[in-house]
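Quick notes on the structure that follows.
The values are calculated or read from the model by the stated rules, or taken from the named source; none is laboratory data. Nothing here was measured: the structure is a model prediction, and the numbers come from that model. As a convention, Cβ positions derive from the backbone with ideal geometry for all residues, glycine included, and neighbour counts pool all protein chains shown. The accessibility values were calculated without ligands, DNA or RNA, using every heavy atom of the protein model including side chains. Shrake-Rupley method; radii C 1.70, N 1.55, O 1.52, S 1.80 Å.
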Amino acid sequence: MNIIEKLQLDYYGLIANGPINIVIFGDSVSHGAVNGYYNYETVYWNRLQKKLHQVRDYMPINMINASVAGITAADSLARMEKQVMDHHPDLVIVCFGLNDVNGPLEEYTASLAQIFERCLTETEVIFMTPNMLNTCVADDTPREYWDYAHRTAEMQNSGRMDTYMAAASALAKEMGVPVCDCYAEWKKLAEKQDITMLLANRINHPTEEMHELFAEKLFEMIIGEENLGQASEDGMLKF
């Protein structure tokens, strides 16, 4: 039973099938990191929950955050059963790449493949590509991260990050995993403005406002284009 079907459950359906469980499996951005602090109110998965409740507020939706700041896909494999699958998710949103770009591409894609494969045995999964890295070292970059900011800017400007995102997206598509390509949306923004200023820490953490982009793209993918805009008089979507 997919999320669209669960959103339509009545009283007896809820008793039989339970609430919607969505597990967020990623790194610092999904964890909620902004710039030296964490904000679980403005993070994209909280925004997504609110959007889904606007579709139908009767259905409980549990957003289970299994993300850890600073971690990679490879280092997350060992915690997948306990922190992800044991929650019996209806959907797993996977978002790794910002830290993985520091390591070998083959390790990144191999780890994602294992994550996707495990999810596909029991649940739906979406691979969400992350935001871009900084393209320059801004004057207000925290001094303790100055050296790393130079490194991330080089990885972005040299095309290394592009290569990692292209490989990860291609892998997901080959395995039948839908790709919510937010990285492509950031690339479009970069054509018109310096995206470094859209990063709260000027390196890799989007501003609180930019989390809306992730939430909106995920919402569109989950609900489906055919259902968007079909609002009833009470503001809920019709299916």
**Item:** So residue 112, is it hydrophobic (A, V, I, L, M, F, W, C), assigned to a loop (DSSP other than H, G, I, E, B) and under 19 Å from residue 179 (Cβ atoms)
**Value:** no
**Message:** Of all residues being over 17 Å from the mean Cα position of the chain (by Cα) and within 24 Å of residue 211 (Cβ to Cβ) in segment 115-143, which is most open to solvent (accessible area, probe 1.4 Å)? Just the residue, please.
**Reply:** 140
**Asked** Scanning for something open to solvent by 10 Å² or more (accessible area, probe 1.4 Å), within 18 Å of residue 204 (Cβ to Cβ) and either modelled with pLDDT of 95 or more or not in a loop (DSSP other than H, G, I, E, B) (or both), does segment 19-26 turn up at least one residue?
**Response** no
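Listed here are the residues, each with its yes/no results for (1) at pLDDT 95 or above; (2) part of a loop (DSSP other than H, G, I, E, B); (3) not charged (D, E, K, R).
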{"site": "156", "(1), (2), (3)": "yes, no, yes"}
{"site": "161", "(1), (2), (3)": "yes, no, yes"}
{"site": "184", "(1), (2), (3)": "yes, no, yes"}
{"site": "192", "(1), (2), (3)": "yes, yes, no"}
{"site": "213", "(1), (2), (3)": "yes, no, yes"}
{"site": "218", "(1), (2), (3)": "yes, no, yes"}
{"site": "222", "(1), (2), (3)": "yes, no, yes"}
{"site": "226", "(1), (2), (3)": "no, yes, no"}
{"site": "229", "(1), (2), (3)": "no, yes, yes"}
**Asked** Pick from 67, 76: which is among the polar types (S, T, N, Q), in contact with a strand residue (DSSP E or B) (Cβ under 9 Å, 6 or more places away or on another chain), assigned to a helix (DSSP H, G or I) and open to solvent by less than 50 Å² (accessible area, probe 1.4 Å)?
**Response** 76
**Request:** Name the residue, out of 57, 90, 86, that is of a type in the set (D, E, K, R) and either within 19 Å of residue 177 (Cα to Cα) or open to solvent by less than 70 Å² (accessible area, probe 1.4 Å) (or both).
**Result:** 90
**Prompt:** Picking from 5, 41, which residue would you name as being more than 19 Å from residue 115 (Cα to Cα) and outside any helix (DSSP H, G or I)?
**Reply:** 41
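Checking the condition loosely packed, with under 14 Cβ neighbours inside 10 Å and closer than 14 Å to residue 60 by Cα, which residue from 3, 15 passes?
Among 3, 15, only 15 is loosely packed, with under 14 Cβ neighbours inside 10 Å and closer than 14 Å to residue 60 by Cα.
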**Prompt:** Going by the structure shown, is residue 144 closer than 30 Å to residue 89 by Cα and part of a helix (DSSP H, G or I)?
**Reply:** no
**Tally, over segment 43-54, of residues that are more than 13 Å from residue 223 (Cα to Cα) and open to solvent by less than 40 Å² (accessible area, probe 1.4 Å)** = 4
**Item:** Pair list, Cβ under 8 Å, 6 or more apart: segment 20-42 residue at positive phi, other residue assigned to a loop (DSSP other than H, G, I, E, B)
**Value:** 32/39; 32/40; 32/43; 32/67; 36/142; 36/201
